[in-house]
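Everything on this sheet refers to the single structure shown next.
The values are calculated or read from the model by the stated rules, or taken from the named source; none is laboratory data. Note that this is a predicted model, so its numbers are computed, not measured. FYI the Cβ positions are ideal-geometry reconstructions off the backbone, even for glycines, and counts take in every protein chain you see.
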Amino acid sequence: FSSNAKLNSVVGHILHSSILVPYHGWRISHRTHHQNHGHVEKDESWQPLSERLYNSLDYMTKKLRFTMPFPMLAFPLYLFARSPGKKGSHFNPSSDLFQPNEKKDVITSTASWLAMVGILAGLTFVMGPLKMLKLYAVPYVIFVMWLDFVTYLHHHGHEDKLPWYRGKEWSYLRGGLTTLDRDYGWINNVHHDIGTHVIHHLFPQIPHYHLVEATEAAKPVLGKYYKEPEKSAPLPFHLLGVLAKSLNSDHYVSDTGDVVYYQTDLKTSSSAQSSD
């Protein structure tokens, strides 16, 4: 946003707190995601479950993780408790997400988040719960579902299974090439062309207004390693089928091996289909 870190922080806190996201906590975990994209253990947010971890989950947890619409409501839970197998919270300065010198930043963001909760509570008291439900709660749920939808599909759901890496097989370039571009039709411009996700991951310093241009320039260089996204109608309804198919088949990866692919638990798959 700006070369001025203080200005970034002020604007970031105002905007992120307004949607109940702790600015520094999210900034740092998202940085971790970019630095470790495509790594089975070190990636952040939508990284795969190992087979052992997957098998340790109870039936209800599996159902909630892989049955629509529940995965599309995961973001607030992720902020509080991260993903299965990970410890800590975006609000806790002692979480292993953060370095010791980042604690003050995390405390500031948590305080800002609490202030926003207080503002929302006050507005609810003054305006009434029903009006706040219409003006804030419903738009917030839509935001959460869209965010989960977009972030999931940028790392899952290609017709060809994409690898995840461990150990010496992982590299920044290899990990970045496991990300996927998506076409969102009319919505592309609304969220600043983030559908050009491969270039965003390989070169996160490129501003959003150059992402399309940079992607076109990179395609000849990437060659077969670039996966052209399916062209969207004005609204990206085609991605609903992609999402459903991925949730029905991309369940866990092997506990061993430095190059692994998603595998399917037929019990979870059949359970999800019966729910549909």
ask   = Does segment 230-252 contain any residue that is closer than 23 Å to residue 48 by Cβ and assigned to a strand (DSSP E or B)?
value = yes
remark   = Those residues of segment 10-56 which are in a helix (DSSP H, G or I), touching a residue at least 40 places away in the same chain (Cβ under 8 Å) and among the hydroxyl-bearing types (Ser, Thr, Tyr) amount to 17, 18, 23, 29, 32, 54
query = Out of the residues in segment 119-150 that are closer than 16 Å to residue 18 by Cα and of a type in the set (Phe, Trp, Tyr), which is surrounded by the fewest Cβ atoms within 10 Å (Cβ to Cβ)?
reply = 143
request  = Go over the candidates 193, 183 one by one and state the one that is within 18 Å of the chain's Cα centre (by Cα), surrounded by fewer than 19 Cβ atoms within 10 Å (Cβ to Cβ) and under 23 Å from residue 38 (Cα atoms).
outcome  = 183
task = Residues being surrounded by 12 or more Cβ atoms within 10 Å (Cβ to Cβ) and free of Cβ contacts under 8 Å to residues at least 40 places away in the same chain: count how many of those fall in segment 104-118.
result = 3
task = Evaluate the following for residue 101: is it surrounded by fewer than 17 Cβ atoms within 10 Å (Cβ to Cβ), without any contact (Cβ under 8 Å) to a residue 24 or more places away in the chain, touching a Ser or Thr at 6+ places or on another chain (Cβ under 7 Å) and not basic (Lys, Arg)?
result = no
inquiry  = Looking only at segment 43-52, filter to residues that are within 14 Å of the chain's Cα centre (by Cα) and surrounded by fewer than 21 Cβ atoms within 10 Å (Cβ to Cβ); which one of those is farthest from residue 155 (Cα to Cα)?
reply    = 45
query = Is it fair to say residue 84 is within 13 Å of the chain's Cα centre (by Cα) and either free of Cβ contacts under 8 Å to residues at least 24 places away in the same chain or over 23 Å from residue 200 (Cα atoms) (or both)?
reply = no
ask   = Taking segment 157-177 only, how many residues are at pLDDT 95 or above and part of a loop (DSSP other than H, G, I, E, B)?
value = 5
Residues satisfying the stated conditions in segment 1-18, i.e. surrounded by 16 or more Cβ atoms within 10 Å (Cβ to Cβ) and under 18 Å from residue 140 (Cα atoms) = 12, 13, 16, 17
request  = Would you list the helices (runs of 4 or more DSSP H) that sit entirely within segment 70-141 and hold 1 or more residues that are closer than 30 Å to residue 252 by Cβ and touching a Leu at 6+ places or on another chain (Cβ under 9 Å)?
outcome  = 75-81
